[in-house]
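Structure, as structure tokens:
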Amino acid sequence: MLVVTYGNELVKNTINTLEASDISTYLRSDMTVSIKPNLVVPCPASDGATTHPGIVEGIIKFLKDFGIAKIKIIESSWVGDDTMCAFKDCGYETLSKEYDIPLIDLKSDSYATYHFDEYSIAVCNEAMSTDFLINVPVLKAHCQTKLTCCMKNLKGCIPDSEKRRFHTLGLHKPIAALNAIIKPGYNVVDGICGDLSFEEGGNPVDSKRILAGRDSLMIDSYCAELIGYKPDEIEYIKYGKEFGLGEYFSQSTKLVELIFGAKPSLDLRKDRIVEKYHNLINEDLACSACYSALIYALHRTDGKVSSLDEKICIGQGFIGKSGDGLGIGNCTWEFDEYVPGCPAKAIDIIDMLQQF
């Protein structure tokens, strides 16, 4: 099961997402629950690299309403950065004080070694001893693995020495092996404004979506397509499937989409990478989720649409209108060529662009 919610109200929408999901099936009120965001660097979530504190606040509220009192936030920033600074600069210190939730820096945690396949991997004890781990990654691109989402976010549950060693081992296969060792109870993905090209942030693209589900591999395969990759193009996802960790998102996967009010409006900022492709697009009342998919697709193809005679059309302003050019999303269904979806997926837009 995968729940996707579109909108701007992070706390409320996170609660609604979890209420629509099957997370309650797996929770008990006497559990210790650990929430693991992505605070790779001490930067605000609006930069596109770190988990919005509003999403974690929504999770905390949901858990407390469920009757769960023992809640922690655990994290380890990337090698060279200070986790406690990230907690402060990313808004988690305030969250901790308001809800009396301890912040656990995994860099200071002890660890034990676990084995899977040919790998022996050190994992922090806090991540393994909790009754229920809620993984809260950011959906964003990554310079080495192309995508970082649920599966890769668990790399923050290992010591810094192990993080370095993963790179010497090829990164992808160890990430898949780590996911065979650490089993999140649930995943809540921050798909609000993940960075387009770099895990450290700086090029956020407004998508305004929250995703939730239990199966990390399935969610990552779905998210890969959202930013323009086939699941097998992300090596750690492919290894994960080979290891038997789950199945890819498919037509048989139960998908629940929630839209509260209108779909989120588009937010174009001049300092963002979207400006690079602005002149290729005819936008009229486009929703940010669909527009971001188009930006991801153009970025993946480096904007090479010189064979198109007209700008790419996208947005609700094209409902009921026909056109000779290329349309994006169900709003442009009367165009001669259009990519279906509400929102459309970047992988489908890429497939269409490659036909021109």
Looking at the range 226-247, which of its residues are on the phi < 0 side of the Ramachandran plot and either over 16 Å from the mean Cα position of the chain (by Cα) or outside the structural domain of ASP117 (by TED's automatic domain parsing) (or both)? ASP232, GLU233, GLU235, LYS238, TYR239, GLY240, LYS241, GLU242, PHE243, LEU245, GLU247
Would the range 29-36 turn up any residue that is polar (S, T, N, Q), at pLDDT 95 or above, part of a loop (DSSP other than H, G, I, E, B) and surrounded by 15 or more Cβ atoms within 10 Å (Cβ to Cβ)? no
Scanning the range 274-290 for residues that are buried (at least 19 other Cβ atoms within 10 Å of the Cβ) and at pLDDT below 80, the one farthest from the chain's Cα centre (by Cα) turns out to be ALA286
With the first residue restricted to the range 268-291 and required to be at positive phi, and the second required to be modelled with pLDDT of 70 or more and not in a helix (DSSP H, G or I), Cβ contacts under 6 Å at 6 or more apart or on different chains are LEU285/GLY315
How about the range 76-125: which strands (runs of 3 or more DSSP E) wholly inside it have at least 3 residues that are over 23 Å from the mean Cα position of the chain (by Cα)? 111-116, 119-124
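Please determine, by comparing only the residues of the range 45-59 that are in a loop (DSSP other than H, G, I, E, B) and touching a helix residue (DSSP H, G or I) at 6+ places or on another chain (Cβ under 7 Å), which one is nearest to TYR186 (Cα to Cα).
Let us first name the residues in the range 45-59 that are in a loop (DSSP other than H, G, I, E, B), namely 48-52.
Now drop any that are not touching a helix residue (DSSP H, G or I) at 6+ places or on another chain (Cβ under 7 Å), which leaves 51-52.
Numbers: THR51: 16, HIS52: 17 Å.
Per the stated criteria, the residue is THR51.
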So is PRO159 assigned by TED's automatic domain parsing to the domain that holds ILE55 and more than 30 Å from GLY341 (Cα to Cα) or not? yes
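Please count how many residues of the range 231-244 are assigned to a loop (DSSP other than H, G, I, E, B) and surrounded by 20 or more Cβ atoms within 10 Å (Cβ to Cβ). Lay out the reasoning, then the answer.
First pass over the range 231-244, keeping only residues assigned to a loop (DSSP other than H, G, I, E, B): 234, 243-244.
Add one more test, that the residue is surrounded by 20 or more Cβ atoms within 10 Å (Cβ to Cβ), and what stays is 234.
Summing the residues that are assigned to a loop (DSSP other than H, G, I, E, B) and surrounded by 20 or more Cβ atoms within 10 Å (Cβ to Cβ) in the range 231-244 gives 1.
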Odd one out for GLN144 among (1) outside any helix (DSSP H, G or I); (2) touching a residue at least 40 places away in the same chain (Cβ under 8 Å); (3) under 22 Å from the mean Cα position of the chain (by Cα): (2)
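The values are calculated or read from the model by the stated rules, or taken from the named source; none is laboratory data. Every value quoted in this text rests on a predicted model; they were computed, and no experiment measured them. Quick reminder, even Gly has a Cβ in these numbers, built from the backbone with ideal geometry, and neighbours come from all protein chains shown.
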